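Asks: Have a look at the structure that comes next, please.
Quick note: the coordinates plus some simple rules give every number you see, no bench work behind them. All values derive from a computational prediction rather than experimental measurement. With ideal geometry, Cβ positions are generated from the backbone for all residues, glycine too; neighbour counts draw on all protein chains shown.
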């Protein structure tokens, strides 16, 4: 099994460390030519969604990645990655891949000083640590074949993790905590 990690900007190195720890092969996606190889899943890391979106277009990677996601490639999207997948962004006119039927709010928890850590229930896994850094949250799910069973986690009533088909979007950074279960769940979708 080989997992592609978008490596144009953001916290991709920590996801690669998780994949190494779990024994998965990986490839870093840095340029369009990197998309020519086979891979079984994709990680869209945290970082700056605006910068990532701009670089994906400049590097001619946007359309091929979007097409792979639409065709069912399993994706784990964290923080900015969640914004890239979202069908709607309430406080930004940009929409990127638009493959995940949710409405998100960028920087919903405020600036860097609004960052925090908690531990909450994650459907199918149990209580997991969650690190939020300038994080978005999911304001709502868009009701297209989407029901409550796809909401994976909430913090203070706000949706912070969802699954739709082969896409998992989380508002936090599971790659920054010792717990590997979210990455294990994702790898299970890829195998």
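Asks: Using a 10 Å cut-off around each Cβ, can you sort 131, 118 from fewest to most neighbouring Cβ atoms?
Replies: 118, 131
Asks: If you don't mind, there's one more thing I want to ask. Got the relative contact order for region 57-104 handy, in percent, Cα pairs under 8 Å and 6 or more residues apart?
Replies: Taking the mean separation of contacting Cα pairs over the length of region 57-104, I get 30 percent.
Asks: How big, in percent, is the set of alpha carbon pairs in region 14-115 lying more than 19 Å apart?
Replies: 44
Asks: How much FRET efficiency would the formula 1/(1 + (r/R0)^6) give for residue 156 and residue 178, where r is the Cβ-Cβ distance and R0 is 22 Å, rounded to 0.05?
Replies: 0.40
Asks: Quote the relative contact order of the chain in percent (integer), defining contacts as alpha-carbon pairs under 8 Å separated by 6+ residues.
Replies: Relative CO of the chain lands at 19 percent.
Asks: Hey, quick one: spin label on residue 119, modelled 7 Å out along Cα-Cβ, who in region 171-187 has an amide N within reach, i.e. under 17 Å?
Replies: From region 171-187, the list is 173-182.
Asks: Shifting gears a bit: Which value, in Å³ per residue, describes the convex hull spanned by the Cα atoms of the chain?
Replies: 105
Asks: Go through 153-159, 6-12 and give me the packing order, highest mean Cβ count within 10 Å leading.
Replies: Top to bottom by mean Cβ count within 10 Å: 6-12, 153-159.
Asks: PRE reach from residue 71 (point 7 Å along Cα→Cβ): which of region 20-39 fall under 14 Å by backbone N?
Replies: Output list for this probe position: 35-39.
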